[in-house]
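Visitor: This is the structure I want to talk about, given as structure tokens.
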Amino acid sequence: MFEFEELFLIAYKKERAMSRRLSKLTSLSAHAALTQTLEKSAGTQTLTELVSARRRERAATEQSRHRREQERAAERAARRVRPAVRDAAAWHAWFDGSAHPNPGKIGIGCVLESPDGDVVKISARAGHGDSCEAEYLALIAVLEAAVSRKPAPAKLVIHGDSQVVIEDVLRDEASSAPALSTYAAQARGLIAQLADVRLQWIPRARNAAADALSQHAVHSESHLDTHEDTQDRSRTSTTGVSPNVSLNA
């Protein structure tokens, strides 16, 4: 049913070794031995179902590898570019999302800072999903936090280290990645409620605060972590929210 090259491509290293041993010990051809080995690995599945699952697995691995290469290339480019002067009149936000494992439990972390130094920090568990979903949920959370301000920020600069999510939300609706379209629509709807929003990619090293909040959320025993700390010139509140609960609630 399947060509040898196709089966060899989706077989794990251990399965390839087992099939070679089987071929040496029996009169089976390399093709037949590999087919038999994979049928055994399939268990209650059919060989067709196993091959389809392995194809999806390889595609996801390749997509993740490509995403990491893009982010590393962007980080290298960013190190060669002089950092832009911060707009002192604007609100600034940072977002990050983590999935452990990937896909797995999602933690989101966000920081929203006003021009006069008021800071809102968000650290929350947000259900299950992959790293792209985690990043999108973090972006949505910080946008909801901005929209809920009274008055809402007149100008907002949002910083994030996920080039994939930033580029996706900036595309037109028809060009968005299908798997992320629901998140993209929600983010765009929130952006439309604000007067002036700019999304800016930054290297992971410059997104440490949001990353720490997302890591704390995903590894925390509790879904909620709330406290408020008043310092000399800034008011800082850290808020955890239950999964799928709007921050505007």
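Visitor: Where a Cα-Cα gap under 20 Å defines reach, which aspartates and glutamates qualify for K150, not counting those fewer than 8 residues away within the same chain?
Guide: E113, D116, D118, D196, E228
Visitor: Over the heavy atoms of R171, what accessible area does a 1.4 Å probe trace out, to the nearest 10 Å²?
Guide: Its heavy atoms expose roughly 100 Å² to the probe.
Visitor: Still on this structure, I have one more. Given the whole protein assembly as supplied and a 1.4 Å probe, what does the accessible area of T61 come to in Å², nearest 10?
Guide: T61 exposes around 80 Å² with every protein chain in place.
Visitor: Need the full-extension length gain, R171 to E62, defined as separation in residues times 0.36 nm minus the C-alpha distance. One decimal, nm.
Guide: Numbers: separation 109, 0.36 × 109 = 39.24 nm, distance 2.25 nm.
Here the segment from R171 to E62 would lengthen by 37.0 nm.
Visitor: Which is farthest toward the positive dipole end of the range 1-129 among A42, S64, A17, measuring Cα position about the Cα centre, with Cβ charges +1 (Lys, Arg) and -1 (Asp, Glu)?
Guide: A17
Visitor: For the peptides 88-101, 122-135, what is the packing order when you average, over each peptide's residues, the other Cβ atoms within 10 Å and list the highest mean first?
Guide: 122-135, 88-101
Visitor: Which shape class applies to the range 86-163: rounded if a/c is under 1.5, otherwise prolate when a/b exceeds b/c and oblate if not, where a ≥ b ≥ c are the square roots of the Cα gyration tensor eigenvalues?
Guide: Values: a/c = 2.80, a/b = 2.18, b/c = 1.28.
It is prolate, given that a/c is not under 1.5 and a/b is the larger ratio.
Visitor: So what is the accessible area of the range 88-135 per residue, in Å², with the probe set to 1.4 Å? Mind showing how you got there, number by number?
Guide: Details: 1510 Å² over 48 residues.
In whole numbers, the range 88-135 has 31 Å² accessible per residue.
Visitor: Over the range 60-193, what per residue volume does the convex hull of the Cα atoms give, in whole Å³? Before the final figure, lay out each step's value.
Guide: Values: hull volume 15.9 nm³, N = 134.
Per-residue hull volume (Cα only) is 119 Å³.
Visitor: In whole angstrom, how far apart do the alpha carbon centroids of the range 80-148 and the range 19-67 sit?
Guide: Between the Cα centres of the range 80-148 and the range 19-67 lies a distance of 41 Å.
Visitor: In addition: How compact is the range 1-41 by the rule of thumb for globular proteins, expressed as Cα Rg over 2.2 N^0.38 Å? Before the final figure, lay out the partial values.
Guide: On the way: Rg = 8.9 Å, N = 41, 2.2 N^0.38 = 9.0 Å.
Compactness ratio reported: 0.99.
Visitor: Evaluate the relative contact order of the range 1-134 (contact order divided by residue number), counting alpha-carbon pairs under 8 angstrom at least 6 apart; express in whole percent. Spell out each step's value before the answer.
Guide: Details: 140 pairs, mean separation 19.4, N = 134.
Here the relative contact order equals 14 percent.
Visitor: Carbon and sulfur together cover what percent of the accessible area of the range 11-64 at a 1.4 Å probe radius? Please list the in-between numbers first.
Guide: On the way: 2000 of 3720 Å².
The nonpolar share, carbon plus sulfur, comes to 54 percent.
Visitor: With all protein chains present, calculate the accessible area of T35 using a 1.4 Å probe and round the result to the nearest 10 Å².
Guide: Solvent-accessible area, nearest 10 Å²: 30 Å².
Visitor: At q = 0.18, 0.21 Å⁻¹, what is the log10 ratio I(q)/I(0) for the range 1-135, with the Debye formula run over Cα points and no solvent?
Guide: -1.07, -1.19
Visitor: Just tell me which lysines come within less than 20 Å, Cα to Cα, of K14; anything on the same chain fewer than 8 places away is out.
Guide: Correct list for K14: K24, K40.
Visitor: In addition: Quick one: which residues, 5+ away or cross-chain, put their amide H under 5 Å from the amide H of K155? H built at 1.01 Å from N.
Guide: HN-HN under 5 Å from K155: W91.
The values are calculated or read from the model by the stated rules, or taken from the named source; none is laboratory data. Owing to the predicted nature of the structure, the values given are computational and were not obtained by experimental measurement. Because the Cβ atoms are built from the backbone with ideal geometry, glycine has one as well, and the counts that use them run over all protein chains shown. Side chains are part of the model used for accessible areas, which takes the heavy atoms of the whole protein and leaves out ligands, DNA and RNA. Shrake-Rupley method; radii C 1.70, N 1.55, O 1.52, S 1.80 Å.
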